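The values are calculated or read from the model by the stated rules, or taken from the named source; none is laboratory data. Bear in mind that the values here come from a model prediction, so they are computed numbers and not experimental data. Here the Cβ positions follow ideal geometry from the backbone for every residue, glycine too, while neighbour counts run over all protein chains shown. When the accessible area is computed, the model is the full protein with side chains, heavy atoms only, and any ligands, DNA or RNA have been set aside. Shrake-Rupley method; radii C 1.70, N 1.55, O 1.52, S 1.80 Å.
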Amino acid sequence: MFSELPLHERLLKALAELSFQQPTEVQQQAIPAAIEGRDLYVIAQTGSGKTAAYVLPILQRLMQDDSKPLAPRGLILVPTRELARQIDAEIRALARFTRLQAVTVYGGVSAHGQIKALRRNPDIVVGCPGRIVDLMGRGVLRLGGVESVVLDEADHMFDMGFLPDVRRILAALPQKRQSLLFSATMPAAIRSLANTVLRN
């Protein structure tokens, strides 16, 4: 049961409203370790509940200390805008009883609205690597306050040629942070990236 996991009552309330009672296998294993602040490399197929497996620990962490010294404090990197939108919807659903805010950024559309949203200092940014690098270059997205970074569908990011951008983003993050890699497969390039990124 989700109620057996070390989650804030507001998150448990959101899960109950969504009729989520029993965590999936990946959630059962990943959530407690991620809440402890451990780095994770999770091999999980689409549909296994992996989004909640990393979103819930990030929300939990942000709620434990909501002083918001530097925003964003959570960064989720994804290969496609469809996935970015999906994750954004899940964050909104799980964070509905909190004051935490997320912003989604991706290419193929004007950056104007995204820049405006970033100026409101969201707690979490979800986005595709190309647009994130672009916004970093414009000086509107600063990553010095990121405490948790997620690479979702890391294998697809490699297939789509995003690895140089991902490395550039990771280099801009604080050394002291939590890193969570989620992938359906473990190609050599992702294994190599995991070895350089994951610490604990």
In order over segment 139-147: 3J(HN,Hα) from phi, Karplus 6.51/-1.76/1.60, θ = phi - 60°, whole Hz, x for each Gly or Pro, gives x, 9, 10, 10, 10, x, x, 5, 9
Given Cβ charges of +1 for Lys and Arg and -1 for Asp and Glu, the option among M157, M136, V125 whose Cα lies farthest towards the positive end of the dipole of segment 124-165 is M136
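Translational diffusion coefficient of segment 12-169 at 25 °C, 0.890 mPa s, Stokes-Einstein with Kirkwood Rh over Cα pairs, in µm²/s as a whole number.
154
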Share (percent) of C-alpha pair distances in segment 91-200 greater than 26 Å works out to 19
Highest GNM mean-square fluctuation among Q45, Q64, Q28, for the chain with Cα springs under 10 Å, belongs to Q64
hull vol. (C-alpha, convex hull) per residue for segment 72-115, Å³ -> 81
Probe 1.4 Å, heavy atoms of protein chains only: per residue, the accessible area of the chain in Å² is 47
Residue-ordered couplings for segment 96-105, obtained by feeding phi - 60° into the Karplus form 6.51 cos²θ - 1.76 cosθ + 1.60 and rounding to whole Hz (Gly and Pro as x), are 4, 9, 10, 9, 6, 10, 10, 10, 10, 10
Once normalised by the length of segment 76-200, the mean sequence separation of its alpha carbon contacts under 8 Å that are 6 or more apart gives a contact order in percent of 27
Given backbone amide H placed at 1.01 Å from N, residues whose amide H is under 5 Å from that of V126, ignoring those fewer than 5 places away on the same chain, are I76, V103, T104, V105
Treating only Lys and Arg (+1) and Asp and Glu (-1) as charged, each at its beta carbon, one finds that segment 30-175 has a dipole about its Cα centre, in Debye to the nearest 20, of 620
Mean-square fluctuation maximum in Gaussian network of the chain, Cα pairs under 10 Å, restricted to A30, A189, A53, hits A189
What the 5 Å binned alpha carbon P(r) of segment 1-48 shows, as percent of pairs per bin from 0, is 5, 20, 28, 24, 18, 5
For the chain, the accessible surface attributable to carbon and sulfur atoms (probe 1.4 angstrom, ligands and nucleic acids excluded) amounts in percent to 49
